[in-house]
Number of protein chains: 2
Amino acid sequence: MATNQDDPAQDDLAHAPFDVRSKMASGLPGPAPAWTGSLRFSFVGGNNDAPSVPVGGLAEAAVHALNRHGSALATYNLGDNPQGYGPLREFLAAQLAAEASLPIGSHEVLVVSGSLQALDLVIETFVAPGDVVVAEQATYGGMLSRLRRAGAAVVPAELDDDGIVPQALDALLGRLADEGRLPKLIYTIPTVQNPTGSVMPVERRRLVLDVARRWGVVIFEDDCYADLMWQGVRPPAIAALAREGSDVGRVVYCGSFSKSIAPALRVGFMVAEPPVMSRLVALKDDAGTGAVEQMLLAEYCSAHFVDHVRELRNTLGSKCAAMRDAVDTHFGARSAVAGKLGGPVQVTDPKGGIFVWLTFPAGVDTARYLAPAASRGIQFNEGAAWSVDRAWGARRMRLCFGSLSIEDIHEGVAALAQVIVSNEQAPTDPEPPGCGSLSCP
Amino acid sequence: MATNQDDPAQDDLAHAPFDVRSKMASGLPGPAPAWTGSLRFSFVGGNNDAPSVPVGGLAEAAVHALNRHGSALATYNLGDNPQGYGPLREFLAAQLAAEASLPIGSHEVLVVSGSLQALDLVIETFVAPGDVVVAEQATYGGMLSRLRRAGAAVVPAELDDDGIVPQALDALLGRLADEGRLPKLIYTIPTVQNPTGSVMPVERRRLVLDVARRWGVVIFEDDCYADLMWQGVRPPAIAALAREGSDVGRVVYCGSFSKSIAPALRVGFMVAEPPVMSRLVALKDDAGTGAVEQMLLAEYCSAHFVDHVRELRNTLGSKCAAMRDAVDTHFGARSAVAGKLGGPVQVTDPKGGIFVWLTFPAGVDTARYLAPAASRGIQFNEGAAWSVDRAWGARRMRLCFGSLSIEDIHEGVAALAQVIVSNEQAPTDPEPPGCGSLSCP
């Protein structure tokens with residue numbers, strides 16, 4: 001290609017058609033489709049009950065916080081510790097001590113830009129391409145996609161109604177050790193497991209922790225939904241139990257305000273001991289998490305968190321009951337779906353949260369319903385996306401109920417059943433009967 | 001190691017001392033030091049004038065926005081397009097059309113979590129390890145560190161008082177092409193260049209664009225400081241000029257509210273055409289940028305942005321004049337520093353922004369003053385961190401003045417001069433005299 005160093009603007013420029021895609025890195029995710037609006041029956045996403053957002057309280061908190069500290073916005077991190085706004089970390093330390101038996105100071109809290117950033121930071125800290133990570137056999141799809149993008153080999157841990165089965169975990173780690181593939185991390189959601197809604201009892205937590213100790217593995221405890229428990233008493237965090245021992249850094253913990261206050265606020269938090277915290281802080285190179293959102297959360301939550309969350313749990317519990325009723329009506333033993341599929345759909349009885357997890361008869365692949373459901377205004381998470389082993393998850397489905405009205409839950413589940421009945425062919429690819437080890441009351 | 005699959009809690013656990021660091025990925029940045037508070041004379045960081053933060057206006061905007069749309073916070077992205085809050089994208093499209101001659105619709109705007117996320121997304125889209133990226137020889141240190149972490153080879157483009165020298169850029173790309181190392185990207189800050197404060201004239205922008213076209217390279221235009229111009233008229237963005245041609249995707253553009261409103265708000269923005277925008281959206285997997293901050297910016301800026309920024313520019317212009325006075329007094333030809341170093345320190349005359357760029361006599365390494373200055377409560381950016389070629393940058397220094405009072409600017413610069421005089425040894429590692437191609441009025 002000819003160049004002219006005296007006048008680069010001259011007309012001998014090579015004007016071959018420019019294709020910017022040829023300049024992009026290889027291996028990118030595909031282009032995002034154009035946004036076409038949300039569907040009416042959106043049973044996906046960690047969305048919440050809109051009337052429960054404490055709008056007035058947040059507005060009042062914003063005014064107070066801005067009037068008190070607003071000029072500090074002129075400085076990154078409000079001129080404060082990059083771990084986050086002090087009063088918010090103090091609230092969190094007190095809250096976690098009270099609710100999760102986690103006796104920490106605010107210096108052990110890192111405020112992050114949503115718990116997704118916590119996942120990113122933990123992966124970046126611990127996981128190199130080729131590393132093995134253990135995750136619950138059904139787990140948060142956003143973590144699975146992140147782990148895979150990081151080049152991790154994800155191995156499933158068996159679940160039952162109480163979460164990870166410790167004996168099976170121990171055996172799994174033994175096998176992996178024999179293969180020279182001891183995992184770096186165990187990723188667990190022990191409190192309101194996503195998607196099964198189980199809560200791991202304290203005795204089970206100790207056993208899982210002991211297994212991690214035996215094999216020298218770090219636990220990443222994702223407690224995002226823990227504030228939304230409506231059945232039973234919240235057990236101590238695994239991170240709390242780990243502090244009874246002496247192995248500093250064994251458990252990295254994260255939580256979020258997305259489920260307790262609102263997901264469009266991008267504020268989550270992590271708890272880690274110094275050798276890990278210092279790395280997380282070094283890796284969090286985003287110049288801080290949004291300060292106004294931190295300030296208004298600190299102001300609002302210090303006064304109202306407990307009352308707000310109590311009321312929210314009641315609302316979500318009612319929605320969950322409606323969802324289970326609707327599933328029973330439209331997917332239960334006497335339903336047209338059961339007739340068509342050769343058996344009923346089983347549904348979890350979550351102890352909290354915003355979703356149920358359905359197990360269809362063997363041979364069903366719920367992903368096949370995605371497109372016909374979307375054309376009827378219905379979205380759901382196909383089980384494969386929420387499962388380490390996609391084939392194991394194929395006949396499963398997650399339905400979120402947080403953001404729909406009780407009327408729309410009934411109507412949407414009925415419409416989904418119609419979609420399935422009218423689209424279903426004879427079952428293919430039969431699996432062994434039964435519902436595996438998942439909670440299927 | 002013995003295992004017992006029946007009872008993992010039994011006492012034969014291997015309690016070798018646990019070192020969590022042994023589980024971490026290799027190549028991590030070092031641990032962050034404990035935070036010890038900010039220094040009084042903090043001449044670093046893109047911090048702004050605290051009294052200029054429009055606290056009352058932001059509080060009012062927060063109340064209006066929350067009362068109007070607050071319950072939408074229950075849904076990720078407010079249930080809206082993942083590109084960001086509609087009214088904010090509409091404000092930005094109108095603002096960029098008016099101020100940067102960039103005729104776009106709101107569908108071409110992506111709101112991001114601070115412009116650092118824009119840098120991350122562009123790097124992820126275009127840069128693979130080993131790729132060559134051209135950056136201005138003095139440039140934003142945070143971009144340099146990100147590019148290096150991504151495995152890019154960063155090559156410097158020569159600057160003069162009007163920004164990138166097009167003929168030199170053309171020659172550089174020719175040489176790189178001959179070596180089979182044609183860059184993916186040219187990273188430029190054409191409007192209030194960081195750190196030199198220059199503004200690239202429109203004719204120069206066309207020449208640089210033509211060079212990028214000739215060699216088939218993408219331009220990443222970082223316009224973060226463009227709202228803070230106080231000398232001259234803001235030229236059209238390079239992204240605007242590119243639209244006169246037909247090469248879709250040639251220029252990716254970013255800006256920020258950090259400099260115009262407040263840096264602790266984590267809201268920036270990008271402009272890109274569809275083939276690039278669709279990739280940026282796919283890679284932005286953070287579940288959205290903080291919605292409250294987007295809402296209050298949309299509300300505040302629609303009514304007050306132009307007036308606010310006009311006043312802020314005046315304030316910053318006065319601080320800049322104070323900084324240049326102080327540098328002239330304490331580092332100029334008759335100063336003790338000049339006597340000690342064998343010549344005066346040259347300082348830029350920025351056309352906007354919040355920093356000046358100093359060039360010390362040959363042989364000086366400003367990094368040597370970091371520790372003694374810190375012990376006197378003074379922080380500055382050593383030139384090497386803001387330079388593609390660290391050796392070239394060693395005798396340079398960036399001083400930010402946005403967040404200090406005029407009194408503290410004078411006092412801090414005087415104190416820095418004292419530190420230098422009392423710590424300076426005879427110059428070592430002499431460089432050729434002169435100040436290179438940088439603006440040194």
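The values are calculated or read from the model by the stated rules, or taken from the named source; none is laboratory data. Please read all numbers here as calculations on a predicted model, not as lab measurements. Neighbour counts run over all protein chains shown; Cβ positions are idealised from the backbone, glycine included. Areas reflect the complete protein model, heavy atoms only, side chains present, ligands, DNA and RNA absent. Shrake-Rupley method; radii C 1.70, N 1.55, O 1.52, S 1.80 Å.
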Could you check A:W392 against (1) under 30 Å from A:L312 (Cβ atoms); (2) among the aromatic types (F, W, Y); (3) part of a helix (DSSP H, G or I) and say which number it fails?
(1)
Single condition B:R368 does not satisfy, out of (1) surrounded by 20 or more Cβ atoms within 10 Å (Cβ to Cβ); (2) in a helix (DSSP H, G or I); (3) basic (K, R)
(1)
Return the residues of segment B:385-403 that are among the hydrophobic types (A, V, I, L, M, F, W, C) and open to solvent by less than 10 Å² (accessible area, probe 1.4 Å); say none if nothing qualifies.
B:M397, B:L399, B:C400, B:F401
Checklist (1) within 14 Å of another protein chain (Cβ to nearest Cβ); (2) modelled with pLDDT of 95 or more; (3) within 24 Å of the chain's Cα centre (by Cα); (4) open to solvent by 30 Å² or more (accessible area, probe 1.4 Å) applied to B:E299, failing item:
(3)
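For every residue, the table says whether it meets (1) more than 20 Å from B:N77 (Cα to Cα); (2) more than 7 Å from every other protein chain (Cβ to nearest Cβ).
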residue	(1), (2)
A:R40	no, yes
A:A50	no, no
A:A59	no, no
A:A65	yes, yes
A:R68	yes, yes
A:S71	yes, no
A:G86	yes, yes
The correct count of residues that are under 17 Å from A:F257 (Cα atoms) and surrounded by fewer than 17 Cβ atoms within 10 Å (Cβ to Cβ) in segment A:98-117 is 1
Could you check B:A362 against (1) in contact with a helix residue (DSSP H, G or I) (Cβ under 6 Å, 6 or more places away or on another chain); (2) of a type in the set (A, V, I, L, M); (3) open to solvent by less than 60 Å² (accessible area, probe 1.4 Å) and say which number it fails?
(1)
Please find, among B:I378, B:I406, the residue that is open to solvent by less than 10 Å² (accessible area, probe 1.4 Å), touching a residue at least 12 places away in the same chain (Cβ under 8 Å) and farther than 25 Å from B:V154 by Cβ.
B:I378
Looking at B:G70, B:G45, can you tell me which residue is without any contact (Cβ under 8 Å) to a residue 60 or more places away in the chain, open to solvent by less than 30 Å² (accessible area, probe 1.4 Å) and over 30 Å from A:L182 (Cα atoms)?
B:G70
Of the numbered conditions (1) within 14 Å of chain B (Cβ to nearest Cβ); (2) touching a strand residue (DSSP E or B) at 6+ places or on another chain (Cβ under 9 Å); (3) not polar (S, T, N, Q), A:G352 fails exactly one; give the number of that condition.
(1)
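Return the residues of segment A:48-59 that are among the hydrophobic types (A, V, I, L, M, F, W, C) and surrounded by fewer than 22 Cβ atoms within 10 Å (Cβ to Cβ); say none if nothing qualifies.
A:A50, A:V55, A:A59
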Restricting to segment B:118-145, what's the tally of residues that are open to solvent by 10 Å² or more (accessible area, probe 1.4 Å), within 11 Å of chain A (Cβ to nearest Cβ) and of a type in the set (S, T, N, Q)?
1
So which of A:A62, A:A25, A:A32, A:A16 ends up being surrounded by fewer than 19 Cβ atoms within 10 Å (Cβ to Cβ), farther than 30 Å from A:L358 by Cα and either at pLDDT 95 or above or in contact with a Ser or Thr (Cβ under 7 Å, 6 or more places away or on another chain) (or both)?
A:A25
Under the condition of being modelled with pLDDT under 95 and either in a helix (DSSP H, G or I) or among the acidic types (D, E) (or both), which residue from segment A:75-97 is surrounded by the fewest Cβ atoms within 10 Å (Cβ to Cβ)?
A:G79
Does segment B:339-355 hold any residues that are surrounded by fewer than 24 Cβ atoms within 10 Å (Cβ to Cβ) and of a type outside the set (K, R), and which are they?
B:G339, B:L341, B:G342, B:G343, B:P344, B:Q346, B:V347, B:D349
Would it be correct to say that A:A97 is more than 30 Å from A:L358 (Cβ to Cβ) and hydrophobic (A, V, I, L, M, F, W, C)?
yes
The listed residue being more than 19 Å from B:S115 (Cβ to Cβ), open to solvent by 30 Å² or more (accessible area, probe 1.4 Å) and more than 8 Å from chain A (Cβ to nearest Cβ), out of B:A321, B:A326:
B:A321
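Quick check on this structure: which one of B:T329, B:T348 is modelled with pLDDT of 95 or more and under 21 Å from the mean Cα position of the chain (by Cα)?
When all the criteria are applied, what remains is B:T348.
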Which ones in segment A:276-296 are touching a residue at least 40 places away in the same chain (Cβ under 8 Å) and open to solvent by 20 Å² or more (accessible area, probe 1.4 Å)?
A:R279, A:V281, A:K284, A:D286, A:A287
